[in-house]
1. From F72, F83, which residue is open to solvent by 20 Å² or more (accessible area, probe 1.4 Å) and among the hydrophobic types (A, V, I, L, M, F, W, C)?
2. Of the conditions (1) part of a strand (DSSP E or B); (2) more than 28 Å from L203 (Cα to Cα); (3) touching a Phe, Trp or Tyr at 6+ places or on another chain (Cβ under 7 Å); (4) not aromatic (F, W, Y), L126 fails just one. Which one is it?
3. For the subset of region 17-50 comprising residues that are in contact with an Asp or Glu (Cβ under 9 Å, 6 or more places away or on another chain) and assigned to a strand (DSSP E or B), which member is nearest to I206 (Cα to Cα)?
4. Could you list, in sequence order, all residues of region 65-90 that are closer than 19 Å to K110 by Cβ, in contact (Cβ under 8 Å) with a residue 24 or more places away in the chain and not aliphatic (A, V, I, L, M)?
5. Suppose we keep only residues that are open to solvent by 40 Å² or more (accessible area, probe 1.4 Å) and within 16 Å of the chain's Cα centre (by Cα) within region 156-197. Which one would you say is modelled with the highest pLDDT?
6. Is it fair to say L28 is within 22 Å of V159 (Cα to Cα), in contact with a Phe, Trp or Tyr (Cβ under 8 Å, 6 or more places away or on another chain) and at pLDDT 95 or above?
7. Here's a check for you: in region 76-121, which residue that is among the charged types (D, E, K, R) and under 22 Å from F221 (Cβ atoms) is modelled with the lowest pLDDT?
8. Among what's in region 95-125 and is surrounded by fewer than 12 Cβ atoms within 10 Å (Cβ to Cβ) and in contact (Cβ under 8 Å) with a residue 40 or more places away in the chain, pick the residue that is nearest to the chain's Cα centre (by Cα).
Amino acid sequence: MRTETLKFRHELKYYITEADYLTIRARLSKIAEPDPYADENGKYSIRSLYFETPGDKILQEKLTGVMAREKFRIRMYNCDSSFIRFEKKMKINTGTSKVTCLLTRAETEKILTGDTAWMRDDERELLKELYSKMKYQQLRPKTIVEYDRECFIYKPGNVRVSVDSNIRTGITNTTKFFEQTLPTAKSFGVPVIIMEIKYDNFLPSIIKAMVQLPNRRVTAFSKYAAARMFG
């Protein structure tokens, strides 16, 4: 896929405290909309299954700071297997872009068990690419990551501010992706909360003011890398 045809967005990440979260939540709830996936408490769970090569190419590129890289994942919300997305996320310099397609549970289970031949002639280009990389680069399901998210949407600038907490790593075989009570372990020894800010060409000044916190700097945090290193 030609990168010039993709839409790249800005993405900023910060470590924040529980007090920071409560402050940000109080501010944003006055002007931003909640994510449609959210429950009555404003949150929802995300379970992602990341792919990797035998030589850990994706992890190593992240750790060494390669400026143009990609990663592949299958994502499910609130353990609802009726809506599953396969995603390819790309990063070039400071911009990120994402290409997605929907999967059925049956298709996902085939991928998890190594049944991939059907993707070769699939009409979804992203699945054809996955087939190619699973065949020639030995890309395989590697790690499950699960966490809770609260997200605020501000339409001017297409801004999404999300707060991710309770980040944990699956400690079972990746074929157990659909288990409701998936065994997990905390990805860190102490609670970690990550705030992500995603926007198009500009970050509106009102949002910039609301998410500003003292002594908080941009981080290159990766849930996948954290799962691999601390899980």
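1. Within the list F72, F83, the selection yields F83.
2. Here L126 meets the rest and fails (1).
3. The qualifying residue nearest to I206 (Cα to Cα) is P34.
4. F72, R73, R75, S81, F86, K88
5. In this case the residue turns out to be R160.
6. Values: within 22 Å of V159 (Cα to Cα): yes; in contact with a Phe, Trp or Tyr (Cβ under 8 Å, 6 or more places away or on another chain): yes; at pLDDT 95 or above: yes.
Yes; evaluated as a whole, the condition is true for this residue.
7. Top of the filtered list is K91.
8. E125
The values are calculated or read from the model by the stated rules, or taken from the named source; none is laboratory data. Keep in mind it's a predicted model, so treat the numbers as computed, not measured. Cβ: placed from backbone, ideal geometry, glycine included. Neighbour counts: every protein chain shown. Quick note on the areas: whole protein, heavy atoms, side chains included, nothing else; ligands and nucleic acids left out. Shrake-Rupley method; radii C 1.70, N 1.55, O 1.52, S 1.80 Å.
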